[in-house]
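Trainee: Quick one: the structure is below, and I'll ask about it shortly.
Every read-out reported here was derived from the displayed coordinates using simple, explicitly stated rules and does not represent laboratory data. Predicted model only: the values in this text are computed from it and were never measured. Methodologically, a virtual Cβ is constructed for each residue, glycine included, from the backbone with ideal geometry; neighbour enumeration extends over all protein chains shown.
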C-alpha cells in the first residue's frame, strides 16, 4: 500500500512500527511549545521606542504575543527580517544591533557595533547583515547567524581643506546580485558593495573578507535618504543640500548617476520643513511614482518614463510617508508636526484624497498586511496602534502600545530593499 503524502514525515511510525527514529520524532513533537510550532508569516513587530523594546504581534488575531526588552535606544529604530521570517534584526540609534527570535521572544545575539547608527539591510542570500553608521561614519557587515564581524567600510572622503574625514552613511539597501548600496551624506557619494567574492583589493577593514566597492562621486549635495525600486533596478537618493534627486541604474552602473526631478527639494520649499520625508515610503505604480513634496502640502506624481512631474495632489499637511496598498490602488499618507494627527487615503487612479482618518496623536508609521486587506497605524502620543480595513476604511482593531513608532511585518523578508 502506498503511503499518503501527508504521512510521509511519520514514516518511522507507519504501520505501527515504533522505531528509534519514531521515538525521537514523538519526543521532539512533545517538547515543542505552541509558540515554537507557530508559523512566522503572520507575525510582525511594533517598535515601542520610549521603552526600548519591541512588541511581537499576530497580524490576524490583532494581539501582542510577546514584548522583548533590552534593545537600547530605539528613537530611530528600523527592523529587518531573516529570510525565514523567524529572526528580527533591530537596528538602534545607539549603535546596537540585536537579533531577536520572534517565536521564543528572546534576544539571541546583541552587540554595540558603533556610536550612532541609522539602519541596516540583509543581503540577498540572507547570509550577511549590514549596518549604516553616523559615528564612526561607514558600513559594517556581520554574519547574520552569529553577528560576528565580517567587514568594515569606512566612509572616507576629503573635505574642502583636503583633510580626510568620515562621512555619515544613509540610505543603505540590499540589491540584486548580492550587493549593498548606500549614500554618503557629507561626501555626496553613492557606494555599491559587491559581496559575491573576495577581491583582495576592496576597502574592507577589520574583517577577514574584502569585497569590491564601486564609488560614484559628485552625485549631489547631502544625500539624506534613499530608496530602491521593488524590482531592484533603480536606486534613488534624495538631496538635502539642493533640488533634485540622484538615480543610479543598477542594470547599467557604467552609465553613472543621473539627476532627476530637478524641481524637487528644499530649494522649492514655501513652508518651514518640520521633518524630511522618508523616501522608502515612495510608491511606484506602473509608470507613475507618487512621493512626498518637501515643504509643501502636496503629494507629487512623476512619469517614470522621463521622470517629469505629472501632477500635484493637495493634502492635509507636509507628507512623510506615501505608502501604497500592495495592489497600488490606494496610497496612505501621514504628516509632519503639527498636522500629524490624521492619515489621508488617496485613490491612485483618480489622483485625489478619498478619506481622512484620525488614528490618534503623532502618527509615525503604517504597515500593510501582505495582501493589503488591512493596514496598521501607530500613534505615538496616544499610545496605540489602530488597524483599518482598507476596503471599508473602518477601524477593525485597536492595540495598546507604549509610544509606538515603526511597524514591520515579516513579509518584508521576501522583498528587495525592505
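Trainee: With the radius of gyration and the Kirkwood radius both derived from the Cα set of segment 80-133, what is their ratio Rg to Rh?
Mentor: On the Cα set of segment 80-133, Rg over Rh gives 0.96.
Trainee: Can you give the extra length, in nm with one decimal, that the chain gains between residue 308 and residue 194 once fully stretched, where that is 0.36 nm per residue apart less the Cα-Cα distance?
Mentor: The span from residue 308 to residue 194 would gain 37.9 nm if fully extended.
Trainee: Which ordering of 125, 94, 174, 101 is given by a fewest-first count of other beta-carbon atoms within 10 Å?
Mentor: Lowest count first: 125, 94, 101, 174.
Trainee: Continuing with this model, one more query. Over segment 58-260, what per residue volume does the convex hull of the Cα atoms give, in whole Å³?
Mentor: Taking only Cα atoms, segment 58-260 has a hull volume of 137 Å³ per residue.
Trainee: Moving on. State the extension gain, in nm to one decimal, for the chain segment bounded by residue 415 and residue 287, taking 0.36 nm per residue of separation less the distance between their alpha-carbons.
Mentor: 44.1 nm
Trainee: List 157, 182 from most exposed to least, where exposure is judged by having the fewest other Cβ atoms within 10 Å.
Mentor: Starting with the residue having the fewest Cβ neighbours, the order is 157, 182.
Trainee: Calculate the FRET efficiency for residue 389 and residue 38 from the Cβ-Cβ distance with a Förster distance of 22 Å, rounded to the nearest 0.05.
Mentor: Plugging the Cβ-Cβ distance into 1/(1 + (r/R0)^6) gives 0.35.
Trainee: Shape of segment 277-418 from its Cα gyration tensor (a ≥ b ≥ c, root eigenvalues): rounded if a/c is under 1.5, otherwise prolate when a/b > b/c, or oblate?
Mentor: It comes out prolate by the Cα gyration axes.
Trainee: Can you tell me the length gained on complete extension of the stretch residue 217 to residue 51, counting 0.36 nm per residue apart and subtracting the Cα distance?
Mentor: The span from residue 217 to residue 51 would gain 55.8 nm if fully extended.
Trainee: Modelling each spin label as a point 7 Å along the Cα-to-Cβ direction, I'd like the residue 84/residue 397 distance in nm, to one decimal.
Mentor: Once both label points are built, they end up 2.5 nm from each other.
Trainee: Please report, to one decimal in angstroms, the Kirkwood hydrodynamic radius of segment 323-377 built from all distinct Cα-Cα pairs.
Mentor: Taking the inverse mean of 1/r over all distinct Cα pairs, segment 323-377 comes out at 11.5 Å.
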